[in-house]
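Below is one structure, written out as structure tokens; comments come after it.
None of the figures in this text is laboratory data; all of them are computed from the coordinates on show. Keep in mind the model is a prediction, meaning the values are calculated, not measured. In this analysis, Cβ positions are derived from the backbone assuming ideal geometry, glycine residues included, and neighbour counts consider all displayed protein chains.
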Amino acid sequence: QVLVMESGGGLVQAGGSLRLSCAASRIDFRPNSMGWYRQVPGKQRELVATIWPDGDSNYANSVKGRFTISGDYAKNTVYLQMNSLKPEDSGDYFCAVRSDARTYWGQGTQVTVSS
């Protein structure tokens, strides 16, 4: 069974930085893409950033210019560098590893940005 694990969340002041890491193991397929989602209580999980095997990436408008996604498809790892953090960036961040059939999720890591 695929295992996806995130790390790197925490409490930071507005304007600060955090780097989230994600590693997927027990994979017997090449992911189509990997990405990060954010969820806050009472709201749907929203896409933050995606990276594809060719290195192409995209971002939610709210994080463009502040967040950078990177990944290593040989190691099935993906990272999210978050700079100039704002209180509205707070939430639970989930790593997603996508195959043809489904998306595999981690348990999430909490990010709290204080004002």
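Below are the figures for this structure:
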quantity	calculated
Rel. contact order, % - alpha carbon contacts under 8 angstrom, at least six apart, segment 43-110	18 percent
Under-5 Å amide H pairs with residue 48, H placed in peptide plane, nonlocal only	36, 37, 38
Residue of 103, 77, 50 that the Gaussian network model of the chain assigns the largest fluctuation, springs spanning Cα pairs under 10 Å	103
Hydrodynamic radius by Kirkwood, which averages 1/r over all alpha carbon pairs of segment 75-115, in angstrom	12.0 Å
Among 69, 27, 51, residue whose mean-square fluctuation peaks in a GNM of the chain (springs only between Cα atoms under 10 Å)	27
Nonlocal amide H pairs with residue 99, under 5 Å, H built at 1.01 Å	32, 104
R0 of 25 Å, Cβ-Cβ distance residue 64-residue 11: FRET efficiency to nearest 0.05	0.55
3J(HN,Hα) from dihedral phi, segment 13-30, Karplus parametrisation 6.51/-1.76/1.60, rounded to Hz, x for glycine, proline	7, 4, x, x, 10, 9, 10, 8, 10, 9, 10, 10, 10, 6, 9, 10, 9, 8
